[in-house]
1. Quote to one decimal, in nm, the extra length available between Asp176 and Tyr207 on full extension: 0.36 nm per residue of separation minus the C-alpha distance between them.
2. What order, most packed first, do the peptides 56-69, 194-207 have when packing is the mean number of other Cβ atoms within 10 Å of each residue?
3. What's the ranking of 180-189, 269-278, 293-302 by average number of surrounding C-beta atoms within 10 Å, highest first?
4. In the neighborhood of Ala29, defined by Cβ-to-Cβ distances under 10 Å, what is the net charge if each Lys or Arg adds +1 and each Asp or Glu adds -1?
5. Among residues other than Leu282 whose Cβ falls under 11 Å from its Cβ, what is the net charge (Lys/Arg +1, Asp/Glu -1)?
6. May I ask for the equivalent-ellipsoid semi-axes of the range 245-310, computed as the square root of five times each C-alpha gyration tensor eigenvalue and listed largest first in whole Å?
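Just so it is clear, none of the values below were taken in a lab; they were calculated from the coordinates. From a predicted model like this one, the values you see are computed outputs, not experimental measurements. Because the Cβ atoms are built from the backbone with ideal geometry, glycine has one as well, and the counts that use them run over all protein chains shown.
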Amino acid sequence: MSFLKTTASIDLGDTPIENIFIDVYMPMANGTFVKVYLLGYKYACDTDLSKTVSNINLAKNLNIPLSDVLAAWDFWESKKIIKKHFKSPEDEWDYGVEFLNLKQLYIDNNYKPAHATKEDEVEPENYTSSTRDLISANKIPEIKQMFMEINKIIQRSLVPNEKMQILEWFHNYNIDPPLVIKAYSYCMHKKSQKNVKYIGGVLRNWYDMGITTVDALQEYLLKQGERYGSYDRVFKAMGFFRREPSEAEMKIMDKWLDVYSFSMDVVLKACENSVKTSNPNLKYIDGILSDWHKKGINKVEDIEILDERPKPKPRPNPTSTTTKPPQVKTKFHLAESRGSKYDAKELEDMLLKRHKNK
């Protein structure tokens with residue numbers, strides 16, 4: 001006796017979906033997020049390794065924007081049923097997705113072994129901000145200033161939901177307002193992106209790489225050869241800590257690096273001169289670097305040689321008040337006063353003698 005199963009003439013395949021997803025997770029998501037999960041899961045079950053599928057392919061196949069696909073993965077990641085695997089820090093949207101086993105998650109969350117310790121306990125849910133938190137945060141000057149800086153960068157006002165999302169980043173990624181401002185500025189400069197979910201993905205990627213401060217970000221960007229990191233380094237050298245570079249300022253700095261071919265060391269050497277003026281600005285530094293470029297400066301050592309050269313002495317000014325003009329003698333000037341031959345005592349004696357003789 002044997003057991004047989006009829007097969008189709010064409011292998012149409014099957015995609016097994018766990019009932020936990022249908023019963024627990026599917027009701028809490030919108031239809032687009034469910035479609036993204038199911039199609040992505042189908043690709044994950046495909047054993048043909050020669051096929052390469054990306055988020056762009058997924059968006060095309062579902063006929064939805066790429067931003068909806070990325071938002072869906074953000075949602076399912078927040079529910080802790082998938083994990084993202086980034087291929088490159090530069091491509092925040094190009095990443096792989098790992099589908100976690102929902103049955104194992106159910107077991108881990110509901111059945112704790114007798115020998116389990118505190119380290120084995122499931123991590124608490126991420127912090128979720130409330131309207132009351134937002135009202136309290138707006139009373140903190142640093143956070144209020146951060147919202148104003150972001151409004152300038154994205155050229156519109158943040159809506160309450162966006163502000164609440166930003167507050168959650170502080171708790172979930174252990175970051176401060178300056179890094180959030182940098183994230184918005186970086187994404188606008190690199191991708192012209194102002195979507196709060198996109199910014200959150202970038203911050204999460206930085207957090208995974210151990211970047212939680214502006215200094216750490218600056219060091220990372222400079223190592224990667226990022227031009228944005230160069231802008232940030234120049235602004236730090238000039239003391240511009242609370243302001244992001246404008247398009248015009250970025251063009252000026254691009255000229256130093258691309259046209260003049262100056263290294264960052266030479267640029268920072270010029271920035272040291274900002275202490276000599278009460279109102280330091282890029283035009284002042286641009287004047288210094290333009291002068292160095294005309295004189296053939298290429299490296300810091302050339303600047304030191306230039307500083308050691310003796311400076312020409314200034315020529316005397318003929319109209320200066322320190323020098324008296326030569327006297328011009330006329331017919332009314334005596335060549336020499338007769339009294340100049342005698343001193344005061346001799347003159348007095350001569351007058352007395354003349355008075356006695358009279």
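1. Values: separation 31, 0.36 × 31 = 11.16 nm, distance 1.20 nm.
Here the segment from Asp176 to Tyr207 would lengthen by 10.0 nm.
2. Values: 56-69: 14.9, 194-207: 19.4.
Packing proxy ranking, top to bottom: 194-207, 56-69.
3. Numbers: 180-189: 21.8, 269-278: 14.4, 293-302: 12.6.
Ranking the peptides 180-189, 269-278, 293-302 by packing returns 180-189, 269-278, 293-302.
4. Working: positive: Lys35, Lys79; negative: none.
It works out to a net charge of +2.
5. Details: positive: Lys251, Lys255, Lys283; negative: Glu249, Asp286.
Combined, the nearby Lys, Arg, Asp and Glu give +1.
6. Values: eigenvalues 79, 45, 16 Å².
Each semi-axis is √(5λ); the values are 20, 15, 9 Å.
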